[in-house]
Amino acid sequence: MHPAYSVIFFTTSSGAGYGLLFLLAILGALGLLPAERWFGLAGFAIALGLISGGLLSSTFHLGHPERSWRAFSQWRSSWLSREGVLAVFTYVPSGVLAIGWIYFETTSSVWNLMAWLTAFFSVATVYSTAMIYASLKTIPQWHNGLVPPVFLFLALATGAVLLNFLMLAFGIWQAWAVMIAIAALLAALALKLKYWAFLNTRSREHTVESATGLKQFGNVRPLDPPHTAPNYLNKEMGYAIARRHSERLRRHVLTLCFITPALLLALILVLPGMFGLFAAGAAVIASATGVVIERWLLFADAEHVVNLYYGREAI
Amino acid sequence: MTTLPPATGKKLGLVIDLDICVGCHACAVSCKEWNTGGYSAPLSDIDAYGNDPHGPWLNRIHSFEAGDGTGGRTVHFPRSCLHCEEPDCVTVCPTGASYKRSEDGIVLVNPDTCIGCKLCSWACPYGAREYDQSHGVMKKCTLCVDRIYNDNLPEADRVPACVMACPTGARHFGDLGDPDSIVSKVVKEREGYDLLPELGYRPVNKYLPPRTREVDRSHAKPAGERPAQIDAVHAPTAVEKFFGWADRMLSD
Amino acid sequence: MTAANSQPTIDTSPLVSDEVKTTTCYMCACRCGIKVHLKNGKIRYIEGNPDHPVNKGILCGKGSAGIMQQYSPARLTAPMLRTGDRGSGEFKEISWDEALELATKWLGKVRENDPRRLAFFTGRDQSQSLTGFWAIQFGTPNFAAHGGFCSVNMATAGLYTLGGSFWEFGEPDWEHTKYFLMFGVAEEHGSNPLKAALGKLKGRGTKFVSVNPVRTGYSAIADEWLGIRPGTDGLLVGALIHELLRTENVDLDFLIRYTNAGWLIIQDEGSPEDGLFARDGDGQPLCFDRQNERLAGAIDKHVVPALSGEFTLSTGQVAVPAFQLLVKRFLSDRYSPGAVAEETNIPAETIRRIAAELAQVAFQQEITLDVSWTDWRGEKHDKIVGRPVSMHAMRGISAHSNGFHTCRMIHILQILLGSIDCPGGFRFKPPYPKQTPPLLKPSGKPGDIRPSEPLGGPHLGFPTEPEDLLIDADGNPQRIDKAFSWDAPFASHGLMHMVINNAFKQDPYPIDVLFMYMANMSWNSSMNVPDTIKSLTGKDDRTGEYVIPKIIYSDAYYSEMVPYADLILPDTTYLERWDCISMLDRPISEPNAAADSIRRPVVQPDRNVRPFQEVLIDLGARLGLPGFAKDDGSPLYPGGYPDYIANHERKPGIGPLSAWRGEFQDEWGVGTPNPNQIEKYIENGCFAVHEIPEDQRYYRHVNKAYIDWAVKVGYRITDKPVFFQIYLEPMQKFRLAARGHGNVTPPAEHRERIRTYFDPLPFWYPPFEEAMVTQDEYPMHAITQRPMAMYHSWGSQNAWLRQIHGHNRLYIHRGRAAELGIADEDWVWVSSHIGRIRTQVKLMDGVNPDTVWTWNAIGKRAGSWNLDPEAAESRQGFLLNHLISELLPKRGDSYRYSNSDPVTGQAAWYDLRVRIAKAVDTVDGVSLPQFEVIGRPAVVPPAPANLRYGAEFGDATT
Ligand SMILES: Nc1nc2c(c(=O)[nH]1)N[C@H]1C(S)=C(S)[C@@H](COP(=O)(O)OP(=O)(O)OC[C@H]3O[C@@H](n4cnc5c(=O)[nH]c(N)nc54)[C@H](O)[C@@H]3O)O[C@H]1N2
Ligand SMILES: Nc1nc2c(c(=O)[nH]1)N[C@H]1C(S)=C(S)[C@@H](COP(=O)(O)OP(=O)(O)OC[C@H]3O[C@@H](n4cnc5c(=O)[nH]c(N)nc54)[C@H](O)[C@@H]3O)O[C@H]1N2
Ligand code: SF4
Ligand code: SF4
Ligand code: SF4
Ligand code: SF4
Ligand code: SF4
Ligand SMILES: [Mo]
């Protein structure tokens, strides 16, 4: 699949935003974070900013952004619609929560309920985003049980890395927060490794023979494409990445998205303070870069079955 | 709306005969021509005279080779929307612009409500959805919904443009939900099949396979070719033998 | 939620158009009937006309793309005069008056001094009866259309042998045929009817065999594909004939009744009569009557000619039946399946089987129609017997230098099976069959050409003896293309492909004005493009003037040829003008019906362009040509082309259109001109059909009722029957001349060639290029095919069609590529004996391993057709034409014949031999050669970037 930058930015940015929002809400509700105005303001600004920026960018690739309100209507069948609806729903409890946190400097009573709702909707929204991809039978690399947890845990991990940076910036450093982030990173890493292993070993069940129904005559090879210049399908779905290139990028994801942030965070445990802040900042940058590459690869590695009509033998 | 109708009144669709399709692109161009001014208007052409000309075509003709050597085949393969019974292209649509008509099963995009998110094109295994960059909406085969019921057209013309144009007669149109329709019968007789059946989209359109070829049709030995009368002394040359026969024939 | 949530209501009955106009398609030469839907004055939709005899409602991809041709940005917009150098593309706009005055001045001078110095050649047009008539009135011998580079081998082989031909003059009896054998066809002139027929044949299980080096298109759906090595069909057909003879499967009755098989041929080596028919005192050919055991008139009633034996004539000479010579030739080992298997790449077993199948279907699946008819002798028959084997052949046979003989062989195969103009066989389309050959001789002998005088007869005809050649006393060609000279005696369509080359070499003489119409001669219709461009731009060292001083050209689009002309007469599109597809030219008849048609303007031009026919008629009047100007100098057809179509009479009562003639507007063929004729055509859908009655539909070579009717309506000038010529006496006359007999004999240097190739019986010889280059150096054949969705060069300006074929690849056999170390999509150098090109390859299985091929005419010159100079057509596309030499390698005396069939002058495009080698220097991904980019004249506005055609029509949703 062609990696569209607006979609990459949307899913990674809003993912991190929802991850952060989720953590703020849960940890806030549990009283583990200070219900303090400026911390709250910074936290919600970053989380909602990332989310809104992401959502906004997702409309950039629309042919008719002015009609995007229509996308809320088909929640009964469409994960994209559900995601839209849930994203909007998330604004309500999270907005109320933010008001409580920032204005009233509290996260208890009704705000507590809002926090739990925020957490729930954050998870649900990221899950819906993931399901947009995971529900596509046409793309076996996406249509599997690993994609939603990968999305969820990457959102959590990138959100957690952000949270640590935020906490360090406010001088409210906590070892458990680091541990949470490292744990989320490792969980995401494990899922991602599993996902890659799945990609490496998965059987290619869709073939050009089944796409054309010509198996009875022997192996099928394309002779001429319908048109000599690439068309929309080729541009959108024909994107293919060389195995070698993909493996190199996976290594970058490994280092940037997981190992570097985890090590940097681990360093904080030893050397908090000013250095810790720098380390956390570096971790944010590394994980952000890493997750963008991860998302780019998620598209680049994905093969749409329509390519069976354009020269791919099996997918 | 993008939930699918529980059942459709008819299952209108196309049946494409790969045994006689010569890959002439008539159906594809005729489709482009009809639809660029029809329900899907326009079908834009981007960089029309430049080095990257492209734009939506609702029907495209591939060619494949199947099998090896002289025993193999060249097969021309038209590809357009199959008006699936379980089309995810419809259910993924967030706006309801993509829908399957309850009365006849035609899958359409409403150009007035489509936001151009392209998700439906991702959900279609058959590459039947094409995004119109300059119009900002998704385009697809309409089964010529603005022809097949069109009271302004003579009765005989109320078939899809591609079916009208096809010079070899490789395209048939009809109700595949009616077992007594001509299309259903031909599908049954010729063992018409589904593309990518394992995906479960249950296409309405069917493909008729290239017929197996009975190359040798000389079962009945032609007349003639009797062994020449053996005459050790004067074996006739081929020419003599032939005229011997001709003489006998003309004397009869 | 909102409206978006429920199924929208849509208007399923939108008004398609305000108006529908019928006319005739011209996206190719098939001439289908179309219905053009107009909405607000723009074209909404073009569809096939279901009532039309040619296409019966179907429409091909090109036809459907007519809208994009109509609104093409490559359209010329106004008359232009060249201002820069030839090829620069620099022009200034001039008025029509200026243009026509200039043309009149240039042409008038030529006509007054030496009419030969005008070469008027027209390409893919359908007005040859008008352009030819104009050229006759002008008085130049130098006129022809594109047939010489197209399919003259098919036309002449058929017309000399059968009086009709493949090409456009006949077709299989699709309704009844039970076996269809096709040679070398990718697309065909009658492509829509052919496709429709193939669909039906396959549907009813009729076996379809395709002989073709490439397995695409029609060959892909054939029940059996024979991947023949190019240029060897003569061996295959010869072996089929061998097998039919060997297995005694020939229709002797047919041979005796309808052919010259039993006619006696004098065997008297050294004498001037050797090889001619033995004739009686009245010049009637003789046979040996088996019944009465004596010599008799070969076509007398009740004779049963012997098909073998040696007979002594009254002169003491010995004569044998023609058939005996034929049998001898084809029963020889040379034509045995085993002997040809390797050369043709078709196993002997397969050849034997196909022959057996042909025989089986012809003789054991014979069909009879219960229709009574009367033959020319007056004998009544109560049924019509059909041998339902049919054949078709086109440029795969034609475009080789052995094509004439090969095509004759195919006709002989049909004759042996008795399946000409019978149910299930090959059938003639009226006005065919004509005599074998048609009774028309070429005009343009030295005495025919006089300043300011018409030529005295039509340019193109059918020589039957050396006296008919257009040569001077020394044997030199009289025509600029050397047609009807010793170089190409039966060049019945001229040699358009040689005109520019010869004019530049001033061989046989210089010309002053080259006047061309609708032919892209600086590109895809020329061999050796680089040299052709040199000829167009070459200057005389002494004068500094162009060697071809003036070039006038009419095109509708900015093709590669336009920049090389001095004066451009911009034509309209096919939807903006009148045209006439006339019985005098190449009509649209079907086997069961005579038919002709017109084109009429369905939209008005929005540019300063004029239909070429109008311009030609206007020029004719300005030049004062008889037939175009009255005695007082005023125009004879002030109403332009429609006026001419309705009122011109070629002979009394015979005009361009056949129908609605005469005082009562009800005559077909012959009748006084009818001022309402065109109206009648329009009312009828722009065509007219005259059904042939049932008893006149078959055996028309001898069918009395048909022949009488054909004479009556002017299709034939004699009521004599037509005898199929397995033995072609006219060829023998040329051969005798080459042996030194007769008054007109070839100069010594031509004799060997005439002796060899003017064999009255067909034979196979290797194509010239194959025979002349070494096989080691150039081991592969290189050929082209027409893509179904593209018409030569003129489809590339079409926004839709160019998306389908924006560039071309060189297709090569997978196994052969592996041997050469070439992978899919690699770039290769393709070298011929005159040059090399660089292209990208595509591997495939379904191609003869010794053959590479590509789609024809996709490559474009950068800057032409108002395409972006970076367009794939020029950056990746390529032409094989750059590699095809227009001349054969030098002969001993350094004379070079054209690269053509020695009998007909047909351009031998497919004789090309090449060597393929992987190219390593291809980082840029560009095909080579790249020519200098040609500029766009200011008069042609720049092309738009994006199109949203039809947006204005679409309002289906409510
Ligand atoms: N290598 C190779 N070369 C070949 C062949 C091949 O098979 N292989 N085939 C040969 C054969 S058979 C043929 S017939 C020739 C064809 O070659 P050409 O006769 O050159 O045919 P086109 O290129 O289609 O068109 C000729 C010109 O007609 C112009 N034209 C189109 N419509 C109109 C109109 O309405 N009015 C006017 N005035 N002009 C118009 C076009 O713009 C173009 O410049 O090519 C020959 N060349
Ligand atoms: N779509 C479309 N239609 C056209 C045209 C066009 O440009 N486009 N052009 C029109 C014109 S001008 C013409 S002349 C006709 C020509 O119509 P066709 O005769 O169909 O022309 P080609 O494409 O030259 O096809 C020649 C075929 O012969 C095969 N061939 C080559 N060499 C040999 C050989 O030695 N033996 C055998 N058996 N086969 C061989 C080639 O593979 C090819 O399939 O088409 C007309 N119709
Ligand atoms: S072919 Fe594709 S677009 Fe058409 S109904 Fe099926 S899934 Fe949808
Ligand atoms: S592109 Fe249009 S039709 Fe397709 S899913 Fe998006 S809104 Fe629906
Ligand atoms: S049915 Fe209509 S829209 Fe669909 S492919 Fe055919 S012509 Fe195109
Ligand atoms: S028009 Fe008919 S024969 Fe031509 S490509 Fe389409 S289906 Fe095949
Ligand atoms: S075959 Fe096609 S392009 Fe040619 S006349 Fe017919 S419809 Fe037009
Ligand atoms: Mo041609």
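The values are calculated or read from the model by the stated rules, or taken from the named source; none is laboratory data. It should be emphasised that the depicted structure is a prediction, and the values quoted were computed from it without experimental measurement. Note: ideal-geometry Cβ built from the backbone for every residue, glycine included; neighbour counts use all protein chains shown. Areas reflect the complete protein model, heavy atoms only, side chains present, ligands, DNA and RNA absent. Shrake-Rupley method; radii C 1.70, N 1.55, O 1.52, S 1.80 Å.
Which Cα, out of B:ILE148, B:PRO87, B:CYS166, lies furthest along the positive dipole direction of chain B (beta carbon charges, K/R +1, D/E -1)?
Projecting each Cα onto the dipole axis, the largest value belongs to B:PRO87.
Compute, for chain A, the length of the dipole vector about the Cα centre, with Cβ point charges of +1 (Lys, Arg) and -1 (Asp, Glu) only. Units Debye, rounded to 20.
560
Once Lys and Arg get +1 and Asp and Glu get -1 on their Cβ, which of A:TRP296, C:LEU736, C:GLN324 lies farthest toward the positive end of the dipole of the protein assembly as shown?
Positive-most Cα among the choices belongs to A:TRP296.
Apply the Karplus curve 6.51 cos²θ - 1.76 cosθ + 1.60, θ = phi - 60°, to the phi angles in segment A:97-114 and return the couplings in whole Hz, x for Gly and Pro.
Whole-Hz 3J(HN,Hα) from phi for segment A:97-114: 4, 4, 4, x, 5, 7, 8, 9, 6, 9, 10, 9, 6, 4, 5, 5, 4, 4.
Please compute how much accessible surface disappears when C pairs with B, both sides summed, using a 1.4 Å probe, and round it to the nearest 100 Å².
8000
Rounded to the nearest 10 degrees, what's the angle between the helix C:152-161 long axis and the longest principal axis of chain C, both from Cα atoms, 0 to 90?
It is inclined by approximately 30 degrees.
Sort B:26-32, C:88-94, C:617-623 by packing, meaning the average of other beta carbons within 10 Å per residue, with the highest value first.
Taking the mean over residues of other Cβ atoms within 10 Å, the ranking is B:26-32, C:617-623, C:88-94.
Using protein heavy atoms only (no ligands, DNA or RNA), what is the total accessible area buried between B and A, 1.4 Å probe, nearest 100 Å²?
Approximately 5000 Å², summed over both chains.
Suppose all protein chains stay in the model; what accessible area per residue would a 1.4 Å probe give for the protein assembly as shown, in Å²?
For the protein assembly as shown, the solvent-accessible area averages 32 Å² per residue.
Using the Karplus equation 6.51 cos²θ - 1.76 cosθ + 1.60 (θ = phi - 60°), what ³J(HN,Hα) coupling, rounded to whole Hz, does each residue of segment C:442-450 give in order, writing x for Gly and Pro?
So the J values, rounded to whole Hz, are x, 9, x, 5, x, x, 6, 9, 9.
To the nearest 10 degrees, how steep is helix C:403-416 against the longest Cα principal axis of chain C, on a 0 to 90 scale?
Orientation of helix C:403-416: about 50 degrees from the principal axis.
Quick check: with the 1.4 Å probe, what order do C:THR368, C:THR77 take by accessible area, largest first?
Ranking C:THR368, C:THR77 by accessible area, largest first, yields C:THR368, C:THR77.
Assuming a ≥ b ≥ c are the square roots of the Cα gyration tensor eigenvalues, decide whether chain C counts as rounded (a/c under 1.5), prolate (otherwise, with a/b larger than b/c) or oblate.
Since a/c stays below 1.5, the shape of chain C is classed as rounded.
Quick one: dipole size for chain C, taken about the Cα centre, charges +1 on Lys/Arg Cβ and -1 on Asp/Glu Cβ, in debye to the nearest 20.
780
Sorted from largest down, give the three principal axis spans of the alpha carbons of segment B:12-208, whole angstrom values.
Here the spans come out as 46, 43, 39 Å, largest first.
5 Å is the cut-off here: which amide hydrogens, built 1.01 Å from N in the peptide plane, fall below it relative to C:LEU181, excluding neighbours closer than 5 in sequence?
Counting only residues 5 or more places away or on other chains, the set is C:VAL209, C:SER390, C:MET391, C:HIS392.
Would you mind counting up the charge near C:MET561? Only other residues with Cβ under 13 Å from its Cβ, with Lys and Arg at +1 and Asp and Glu at -1.
Once all neighbours under 13 Å are counted, the net charge is +1.
Students sometimes get this wrong: rank A:LEU117, B:LEU250 by accessible area, probe 1.4 Å, all chains present, largest first.
Result of the area sort, largest leading: A:LEU117, B:LEU250.
So what does the Cα-only Debye profile of chain A read at q = 0.08, 0.10 Å⁻¹, as log10 I(q)/I(0), no solvent term?
After summing over all Cα pairs, the log10 values are -0.40, -0.60.
Where the centroid of each part is defined by its Cα atoms, how far is segment C:239-305 from segment C:155-229 in Å?
31
Averaged over A:74-86, how many beta carbons belonging to a partner chain fall within 10 Å of each residue's beta carbon?
Counting Cβ atoms of other protein chains within 10 Å of each residue's Cβ and averaging gives 6.
Quick one: which residues, 5 or more positions from C:GLY386 or on another chain, have an amide H under 5 Å from its amide H? H modelled 1.01 Å from N in the peptide plane, none for Pro or chain starts.
C:ILE367, C:THR368, C:LEU369
Given Cβ point charges of +1 (Lys, Arg) and -1 (Asp, Glu) and nothing else, what value in debye, to the nearest 20, does the dipole of the protein assembly as shown about its Cα centre take?
Dipole size: approximately 3220 debye.
Peptide A:204-211: average number of partner chain Cβ atoms within 10 Å per residue?
Taking all residues of A:204-211 together, the mean is 3.
With θ set to phi - 60°, apply the Karplus curve 6.51 cos²θ - 1.76 cosθ + 1.60 along segment C:178-185 and write out the HN-Hα couplings as whole Hz, x wherever there is a Gly or Pro.
Going residue by residue, I get 10, 7, 10, 10, 10, 10, x, 10 Hz, with x marking Gly and Pro.
By per-residue mean of other Cβ atoms within 10 Å, what is the highest-first order of A:89-96, A:31-38, A:61-68, B:117-124?
With the highest mean Cβ count within 10 Å placed first, the list reads B:117-124, A:89-96, A:61-68, A:31-38.
Please list the non-local residues whose amide H lies under 5 Å from the amide H of C:GLY170, H modeled 1.01 Å from N, same-chain partners needing a gap of 5 or more.
Long-range HN contacts for C:GLY170: C:SER165, C:LYS429.
I'd like the mean, over residues of C:192-204, of how many other protein chain beta carbons sit within 10 Å of each residue's own Cβ.
Counting other chains' Cβ atoms within 10 Å and averaging over C:192-204 gives 4.
Do any trypsin sites (Lys or Arg not before Pro) in segment A:201-302 lie in a loop, going by DSSP, with at most 16 other beta-carbon atoms within 10 Å of their beta carbon, and if so which?
A:ARG202, A:ARG204
Give the peptides C:246-254, B:167-175, C:495-503, C:903-911 in descending order of average Cβ contacts within 10 Å, highest first.
Order by mean packing, descending: C:903-911, C:495-503, B:167-175, C:246-254.
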